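Reading through the structure tokens given below for one structure.
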Amino acid sequence: MRLAKVKRKTKETKIEIKLNLDGDGNSKVNTGLKFFDHMLSSMIKYSRFDITVVAKGDIDVDDHHTIEDVGICIGKALDKALGRRKGISRFGHSFVVMDDSLSFVSLDMGGRGYHVLDLVFSSEKIGDITSQNIPHFLESFAREGRFNIFAKTIHGTNDHHKAESLFKALGISLNNSCKVVGKEVPSTKGVI
């Protein structure tokens, strides 16, 4: 079983994550930020992972610390659950359209955290989160999950749709890159 539990407690946040990479897309997410919960649930639905996220953060200050630390914790859980990454597909990508919006995500689970993000949002806030914290979540997630991400909002006029198509594309890409397709470590080096 590819399972992981991660806990993180700071002066700003207290977070617990339970992750099962071989799930059915079920999520129980409570970060105190409703739009962020919606995006994480969308990501998990299409990743086909199962996840429980319980986060209490200083959202009375703003949403930054909670979103960043949830990204850190989900990334650590993903890295832990993947283990040596033996047999995984390693690469995954997806285009997702949602009404007026189109997003693209490509991943390499190659053991190095790196991000290239081209995300354009026209509003400062989407629901109850600051739009600039969406790329910050992806940066933290990729760094701690030890994977490369290229993500782009290609088109759209509605920020909710752009964010949701992005998180759905991320979920599909996670599913494609983390599924077990063989028995070897997917690297010419023999290790990741």
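Only the coordinates and a few stated rules stand behind these numbers; no lab work does. Treat the numbers as computed from the prediction; the structure is a model and nothing was measured. Note that each Cβ is placed from the backbone with ideal geometry, even for glycine, and that neighbours are counted across all protein chains shown.
Counting 0.36 nm for each residue step from His136 to Val191 and taking away their Cα separation leaves a gain of 16.9 nm. Relative contact order for the chain: 27 percent, from Cα pairs under 8 Å spaced at least 6 residues apart, divided by residue count. 3J(HN,Hα) along segment 45-60: 3, 8, 6, 6, 6, 10, 8, 10, 10, 10, 9, 10, x, 7, 6, 5 Hz, from the Karplus curve 6.51 cos²θ - 1.76 cosθ + 1.60 with θ = phi - 60°, whole Hz, x for Gly and Pro.
When the Gaussian network model of the chain links Cα atoms closer than 10 Å, the mean-square fluctuations of Leu21, Leu117, Leu174 top out at Leu117.
Calculated from the structure, volume of the Cα convex hull per residue in Å³ equals which of [x] 381; [y] 98; [z] 176? After the calculation, the listed value that fits is [y]. The string of couplings for segment 91-100 from the Karplus curve (6.51, -1.76, 1.60, θ = phi - 60°) is 10, x, 8, 7, 9, 10, 9, 9, 6, 7 Hz, one whole number per residue in order, with x for Gly and Pro.
Directionally averaged projected area (segment 49-155, Cα convex hull): 7.4 nm². The lysines whose alpha-carbon is closer than 28 Å to the alpha-carbon of Lys9, local same-chain residues fewer than 8 away aside, are Lys18, Lys28, Lys34, Lys45, Lys56, Lys76, Lys80, Lys125.
So if we plug the beta-carbon distance of Glu184 and Lys11 into 1/(1 + (r/R0)^6) with R0 = 41 Å, what FRET efficiency do we get, rounded to 0.05?
On the way: r = 44 Å, r/R0 = 1.06.
Plugging the Cβ-Cβ distance into 1/(1 + (r/R0)^6) gives 0.40.
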